[in-house]
Amino acid sequence: MPIDKLDVKGAPKDNDGKPDLKAPGMTIVRCKCPDCSDTRKHQDEHCVRLDTMTGLGKCYNCGFKFVISSKVPDYNKKRGYQKKKFKLPDTSKLRPIDGIGINYLLDRKIQPQTAAKAGVRSATRTFDGIERSCLAFTYREGSKVVNIQYKTTSKDFAVESDCELIPWNIDAAIGQDTLIVTEGMMDALALMECGFDNVISVSNGAESDVRTFDRFRYSHLDGIRTFYLAGDMDEPGVELRQKLALYFGEARCRIVEWRVGDDAAKDANEMLMEHGVDAVLQCINHAQLCPIVGVETIDDYRERTKYIWEHGIAPGKTVGWGEFDDHVQFEPGRTVIIVGEPNTGKSTFADDLVLNLALQHGWKAALYSPEMFPPERHIERMATTIAGRKFRKELVQTERGVDYRKPLIPERMADRILDWLCSNVFFITETSGRTIHKLLHRAEQLQHRYGIQQLLLDPFNYIQLPEGAKSDTMKIGDVLAEIELFAHRTGLLIFVVVHPSKPQKGEQIDSLYNASGSAEFRNRADYGLVLVNDDKQCARNGYHLLKIIVDKVRDDAMGHKGTCHVSFDPQNYRHGMVQTIHLMGEVNQYNILDISPHCWLDQTKEPTLF
């Protein structure tokens, strides 16, 4: 990093416009980040710690590291860095292709003249203590041989030590606008046998390091407009193809599949041996465009978009809570952020939502609820919600002083409820490193095995934020981005319960911006629900009134913003419908409807729950 590009805090600039690092009188100084300061909200913040002695700088906002240009020699010297010097191989013992090599080549449908033209020779090499005749593939760059690979007829091979590995036959790329890249030399020779002269091979099979192309990127490869990736069809070959496509750029690559109709082969040489020259030519001529990772076209969504044109957008799922259903219809692949005042029952509300969606629509759920401890009590609360009555035996005292426990629900019903919960609700209990990656990985495994469609993360502050120099606000944004993208990829509906920030005196919690930690909770949410106690409006004994502020709905098809109410019965942890009666345009009365005390499992397939 040139020193004149740095804005060092407290350092005046000299006549050349460079900051005088000695002026502040300190070894450690602060400066703006050359990577992120221009794009930050607080552009004047000096977020880099710079050591003036070593020239090393590190940004504590984005993590960017750099070395001042004038200090690079000292830095390299301390690291012991030096450019590696390669030796050249001894070519004096190479000889024209002998009889063993000729027979091997002919067996593989390759003429010896083709191999000799590509620099293939014969040599004697020791393998496992035995001298053997082998083919010698020379790595040539201009008139120089920089390395040699020795290969026996039994496919034992070796390369010269301390010699540079470069792409084999790299000079064939000079002056070309298309280039075929194979996984091995025999495949390259097979293509040459079919008439192609613009063929090279990677340096060392599927395990080749793509950095061997670096030295030729702006010389031999500069004019190449199209790369034909003609590797093997096995798994290592596919992985090599992906590495090469990423290195050369997917837009410039075509993928060669060694398949003609029902005839398939592992590689180019096998295709030539088994199906002939015409089959090889057909594979090259029908090479497909390489997909660009992370890019999709409108055509990828044509059928689904035409379905919307034909049938409209499928309505989201509701839970049977009257006015709440008018405001919110849940869609798969979305993120729901729930914030609320203390003691509004955020966890109970989220559990009730999840259970209703599971019971009414068959959406199995995974719960990460470390605050609901121990798990058996959490299960008892959910069982109570399903049963409509306390999931326990009640202590009864008789006049004779003989106490006994009377079941509030029959044992058969209790077993049915537990059986249903076993099949539809699963716990994620991650105690070693509560990172979002581990939690989402377990949710995805539950989706694969049991078909879950919901995930509850309650509360967010139990998720371990990633390490690094970023602020907590940025880390929270990164975690929420992971959750959002995971929801899109898997189609899971994800509920995230968030504690509110400590309110200022007289401040009310009425927005997702009141969530503790970051405004990203509102920015990332597809649905934003804020819970507020409203018991002063409740005219019914035993029930609580809960005001729900629908602070955000990302799409009109998913509902709309506004305020609604639901009731809450603390006896069975169920929420119910509230009808708002308006008079002269203002709320006049809340009509709280009865919450059914019956077991949900006794209802019909599509129950009217309340």
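Determine, yes or no, whether Asp510 is under 18 Å from Val319 (Cβ atoms) and either outside any strand (DSSP E or B) or among the acidic types (Asp, Glu) (or both). No; evaluated as a whole, the condition is false for this residue.
For the structure I just gave you, tell me whether Leu240 is in a helix (DSSP H, G or I), over 19 Å from Gly184 (Cα atoms) and in contact (Cβ under 8 Å) with a residue 24 or more places away in the chain. Considered against the rule, which asks whether it is in a helix (DSSP H, G or I), over 19 Å from Gly184 (Cα atoms) and in contact (Cβ under 8 Å) with a residue 24 or more places away in the chain, Leu240 comes out as no.
If only residues of region 209-233 that are assigned to a helix (DSSP H, G or I) and of a type in the set (D, E, K, R) are counted, the one that is most open to solvent (accessible area, probe 1.4 Å) is Arg211.
Check whether at least one residue in region 449-458 is open to solvent by 70 Å² or more (accessible area, probe 1.4 Å), assigned to a helix (DSSP H, G or I), of a type outside the set (A, V, I, L, M) and not assigned by the TED database to the domain that holds Asn61, and report yes or no. Within region 449-458, one or more residues are open to solvent by 70 Å² or more (accessible area, probe 1.4 Å), assigned to a helix (DSSP H, G or I), of a type outside the set (A, V, I, L, M) and not assigned by the TED database to the domain that holds Asn61.
Criterion applied to Cys194, Cys253 was being under 29 Å from the mean Cα position of the chain (by Cα) and either open to solvent by 30 Å² or more (accessible area, probe 1.4 Å) or of a type outside the set (Gly, Ala, Ser) (or both), and the one residue passing it is Cys253.
Is it the case that Ala206 is of a type outside the set (Asp, Glu), surrounded by 15 or more Cβ atoms within 10 Å (Cβ to Cβ) and either in contact with a His (Cβ under 9 Å, 6 or more places away or on another chain) or outside the structural domain of Val181 (by the TED database) (or both)? Against the criterion (of a type outside the set (Asp, Glu), surrounded by 15 or more Cβ atoms within 10 Å (Cβ to Cβ) and either in contact with a His (Cβ under 9 Å, 6 or more places away or on another chain) or outside the structural domain of Val181 (by the TED database) (or both)), Ala206 does not qualify. For residues in region 513-524 being assigned to a loop (DSSP other than H, G, I, E, B) and of a type in the set (S, T, N, Q), which is least open to solvent (accessible area, probe 1.4 Å)? Only one residue tops the list, namely Ser518.
How many residues are aliphatic (A, V, I, L, M) and touching a helix residue (DSSP H, G or I) at 6+ places or on another chain (Cβ under 8 Å) if we restrict to region 456-489? Quick ask: steps written out before the conclusion?
Here is the first cut: in region 456-489, the ones aliphatic (A, V, I, L, M) are 456-457, 463, 465, 469, 474, 476, 479-481, 483, 485, 487.
Still in the list and also touching a helix residue (DSSP H, G or I) at 6+ places or on another chain (Cβ under 8 Å): 456-457, 463, 465, 476, 479-481, 483.
Residues flagged as aliphatic (A, V, I, L, M) and touching a helix residue (DSSP H, G or I) at 6+ places or on another chain (Cβ under 8 Å) within region 456-489 amount to 9.
Within region 89-128, being assigned to a loop (DSSP other than H, G, I, E, B) and more than 47 Å from the chain's Cα centre (by Cα) holds for Asp90, Thr91, Ser92, Lys93, Leu94, Pro96, Ile97, Asp98, Gln111. Of all residues in region 459-493, those satisfying the criterion of being under 28 Å from Tyr60 (Cα atoms), open to solvent by 60 Å² or more (accessible area, probe 1.4 Å) and within 11 Å of the chain's Cα centre (by Cα) are Glu482, Leu485.
Residue by residue, here is whether (1) at pLDDT below 95; (2) under 14 Å from Ser201 (Cα atoms); (3) surrounded by 14 or more Cβ atoms within 10 Å (Cβ to Cβ); (4) polar (S, T, N, Q) holds:
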position: Thr126; (1), (2), (3), (4): yes, no, no, yes
position: Ile130; (1), (2), (3), (4): yes, no, no, no
position: Glu141; (1), (2), (3), (4): no, yes, yes, no
position: Ile148; (1), (2), (3), (4): no, yes, yes, no
position: Phe157; (1), (2), (3), (4): yes, no, yes, no
position: Asn169; (1), (2), (3), (4): no, yes, yes, yes
position: Ala173; (1), (2), (3), (4): no, yes, yes, no
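Picking from residues in region 459-493 that are part of a helix (DSSP H, G or I) and of a type in the set (Lys, Arg), the one that is farthest from Lys346 (Cα to Cα) is Arg489. The set of residues in region 407-433 being touching a residue at least 60 places away in the same chain (Cβ under 8 Å), among the charged types (D, E, K, R) and either open to solvent by 80 Å² or more (accessible area, probe 1.4 Å) or in a helix (DSSP H, G or I) (or both) consists of Arg416 alone.
Criterion applied to Asp300, Asp278 was being at pLDDT below 95, in a helix (DSSP H, G or I) and not hydroxyl-bearing (Ser, Thr, Tyr), and the one residue passing it is Asp300.
What do you reckon, is Lys41 in a loop (DSSP other than H, G, I, E, B), surrounded by fewer than 17 Cβ atoms within 10 Å (Cβ to Cβ) and at pLDDT 75 or above? Yes; evaluated as a whole, the condition is true for this residue. The residues in region 383-405 that are at pLDDT 90 or above and open to solvent by 100 Å² or more (accessible area, probe 1.4 Å) can be counted, and the count is 0. Scanning region 129-162 for residues that are touching a residue at least 40 places away in the same chain (Cβ under 8 Å) and outside any strand (DSSP E or B) gives Thr153, Glu160, Asp162. Of all the residues in region 61-96, those that are at pLDDT 80 or above and either open to solvent by 70 Å² or more (accessible area, probe 1.4 Å) or in the same structural domain as Thr138 (by the TED database) (or both) number 10.
Here is the figure for region 545-594: residues that are of a type outside the set (D, E, K, R), outside any strand (DSSP E or B) and more than 40 Å from the chain's Cα centre (by Cα) total 5.
Is it the case that Val319 is in contact with a Gly (Cβ under 8 Å, 6 or more places away or on another chain), modelled with pLDDT of 95 or more and buried (at least 17 other Cβ atoms within 10 Å of the Cβ)? The answer is no for Val319.
The values are calculated or read from the model by the stated rules, or taken from the named source; none is laboratory data. Keep in mind that what you see is a predicted model, and the values were worked out from it rather than measured. Counting neighbours? That spans all protein chains shown, and the Cβs are built from the backbone with ideal geometry, glycine included. Quick note on the areas: whole protein, heavy atoms, side chains included, nothing else; ligands and nucleic acids left out. Shrake-Rupley method; radii C 1.70, N 1.55, O 1.52, S 1.80 Å.
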